[in-house]
Every structure is written in C-alpha cells, then in structure tokens.
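Structure record follows, encoded as structure tokens.
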Amino acid sequence: MYKFSKINRKIIILIMIIGFILIFLDKTFFEKKNKNFLNSNIEKIKYEEKKNNPWTGLYISIFYFTSISLGSLFFLGIQNVSKSGWSVILHPIMEKVASFIPYGCFMIFIILLLNTINFIHMFHWMDSNLFDPNSVKYDKIIASKKLFLNIPFFLIRSIIYGFVCSFFYSKIKKISYSLDKTHSLNDYKKLNFISVIFIIFFSIISIFMAWDWIMSLNPHWFSTLFSWYVLSSYIVTGIGTVTIIAIYLNQKGFLPWFKKSHLHDLSKYLFSSSLLWSYLWFSQFLLYWYGNVPEEISYFLKREEMYNSIHFWMLIPNFIIPFLGLISSKNKANHKIVFTVSLILLIGHYIDIYNLIAPDVGIKFGISEIGSLLLIGGFFSYILFSNLEELNSASSTGNPFFQESKKYKYPYM
C-alpha cells in the first residue's frame, strides 16, 4: 500500500509556498513600477494587460492541470467502454489522476467570475461597450456573437462543464469502489454504462469548453478544428501522467503487477495520441496557410512576433521527440525512455496551453508564470498523492478482467 510520506508532503507544501511568494513578489514589483506611468491611453491599455499577468499565469496553470485530469478520466472511460483487459490494473491510477477535476473546475470558475465583475480583464468581449452601437468601442463582429457571448449564459455553461465532469468523476469512482467490494457483474455493467454516457457528454461539452475557456479570449478568431485539437492535448497529457505515476509506483514496489507488457501498450497509446495531436496541429496550420484569410492567420502571426515562432518550436517536444523515442517497439518497453518521453510531452503541452492563452491576453512568460506553475502544480501533486494512499492490493480486483490484466503478456515480447 502506497504511503504519502511526511517528507514528500513537506516538499510539496514548500514548492507551493515558493510559488505563492514568486506570484506575490512579481505582483508587488509590477504595481510599484507602473503606478506613476499612466500618462497616456496606450500606457493605460498596456497597464491593464500587464495587470492580468499573475491571474493569466494562474489561469494557464489551472487549465493545464485540469486538462491532465480530464484526459485521464476520458482515457479511463475509453478503457471501460472498450472492455480492455490489459489496462485494468491501471484503472485506479487513472482515477487518482482525475481527482483534481472538482478543484480545477472550481478554480477556473472563480477566475471567470472575477472577469465578469471586472476585477480581471482577460476576456475582451466582456466589455459591455463593445455591444453598444452608440459607443466608440462598438465592435460589429463581437456584437454579432452576443447570443452566445454574454455573461449570464457564459457562466451557466461553465457551471455545467464543471458540474458534469465532477459528477462523472465522482460516479465512476463510487461504482469502481463498490465493484471492488461486491465483485458484482451488475456493478460492472453500471460502470460500463456510466462510462459510455460520460464519453458522449464529454465529447460534446469539451467542444464548448474549448470555445469558452480559450477561443473566446480572442473573439475575432475562430477555428473549426480547435476543440478537437485541445481534446487531443487532454488525452496526451492524461496518458503521459498516468504513465509517469505507474512507472514511479512500480519502481517503488507499490505496483508489482505492472510489467513491460503493460508499459508497452501504454506507450502505444502515448505514441498514437501524440501523433493525433500533431495531425490536428498540421491540419489547422495547413488550412490557414493555403486559405490566407487575414482574420485567421493573425493567430499565427501574433505568436510568431511575440514568442519567436513558438508555435513551430513546440513541435520538437510534442511530436519529434515522442516520434523518434517511441517508434521502436523495444523503446516502448523501456521504462527510462518512456518516463523521459512522457515528461518531455508534459512540458511540451504546457508550452502548447501557454501558446493558446497567453498571446491573446498580451503577456510574456515571467516570474508569476513560474510561481503559478509551482503553486498549482504543487496543489495538483498534493491531491494526487493523497488519493494514491487509497491504493491497495484490492484495487480493481472486482473487475472481471482483473486476472487477465494481472497475467497480461504482449504477444511479441
């Protein structure tokens, strides 16, 4: 049985404290530096953009770690629906990685709420003057989207996203726990059914979630592939985190049934999901490149100017390294290689999430972003490892495919 040691708890708490201090220092330094330099409208606009800086960094980190949990739960749902026998011993880990969902969705909602009351100014379209034809700020494009982009409906949708994801996480966890106790076929059927419903619901709400929480930051820009692109990022980071935790627990002796055959299959999912992300990245870029529509290519031009073509550089950790590292069947069963590639993918997809959000808010990577990553990452880790203490020898034993998973051997190994 895994034990979250006091030393590890203190280390994670220390990381969170350091993160909070960095955010506080950056915020204090910024206000002191800028309070006497608001002599023009341009300076005021820049001030408003920079004032979002600590909040934007927090938003990026919260969204990133929430996406990891959502991806893990989605991957678990796929395993349940497909009745995959090999992965049963990993189901509890997928559940634990998903345990951050309620916390992440709640924190995202708080930041969105602060935007609606004008405390933060990340979402440009929330300025009511943009919808007023008599105002000098009137924006015809944004005004045409008022039916969808209005504060009450926006908040209602966000509540639905958080509630639905948290509900399905709680329900799947509850049925899994009951299944381990009862070993009942009825409970297994319930688990299968609720997973089907979750996949259907999540496939729908993840589309609107990406539109609301990311794409609406720049309401002049749109992409028909965007939601699928973001969903693929969920899956990659979810599988990558499950892989890292499984290898870690196995090396510590807490997951003895996790063998090279399981690692090989997990690596295949990691490899294929990274290719899916790369395919969607290329598809979106290609459509915009040959279309050459100013409203669309502004997305790439802005990122090229602000971040020195970061949109292309992030292909290295998100596509090239995983492709070269995991294309070999032998490498897929090597825990050191898979662990390293998984870690690189997690870093690469943080850059991806940052690239999706930060340019449209007008910030650059700095101290507050590092602090936010440490603070939210520490909180995520604390929740995860606290939940991992629930792992024991009885985990997943009620699943009818447990013995198959325990004895699983990849045919060509």
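At least 1 residues being in contact (Cβ under 8 Å) with a residue 60 or more places away in the chain is the threshold, and among the helices (runs of 4 or more DSSP H) wholly inside region 289-397 those reaching it are 294-307, 329-332, 335-361, 367-388.
What about residue 278, is it exposed (fewer than 15 other Cβ atoms within 10 Å of the Cβ), within 26 Å of residue 218 (Cβ to Cβ) and polar (S, T, N, Q)? Taking the combined requirement at face value, the residue does not satisfy it.
State whether the residues of region 367-380 include one that is crowded, with 18+ Cβ neighbours inside 10 Å, among the aromatic types (Phe, Trp, Tyr) and under 13 Å from the mean Cα position of the chain (by Cα). Looking through region 367-380, at least one residue is crowded, with 18+ Cβ neighbours inside 10 Å, among the aromatic types (Phe, Trp, Tyr) and under 13 Å from the mean Cα position of the chain (by Cα).
Go through region 130-149 residue by residue and tally those that are closer than 19 Å to residue 361 by Cβ and not in a loop (DSSP other than H, G, I, E, B). The qualifying residues number 3. Checked against (1) under 30 Å from residue 187 (Cα atoms); (2) surrounded by 18 or more Cβ atoms within 10 Å (Cβ to Cβ); (3) not acidic (Asp, Glu), residue 410 meets all criteria but (2).
Every condition in (1) at pLDDT 90 or above; (2) in a loop (DSSP other than H, G, I, E, B) holds for residue 76 except the one numbered (2).
The values are calculated or read from the model by the stated rules, or taken from the named source; none is laboratory data. On a predicted model such as this, the values are computed, not experimentally measured, just so you know. Using ideal geometry, Cβ is built from the backbone for each residue, glycine included, and neighbour counts are taken over all protein chains shown.
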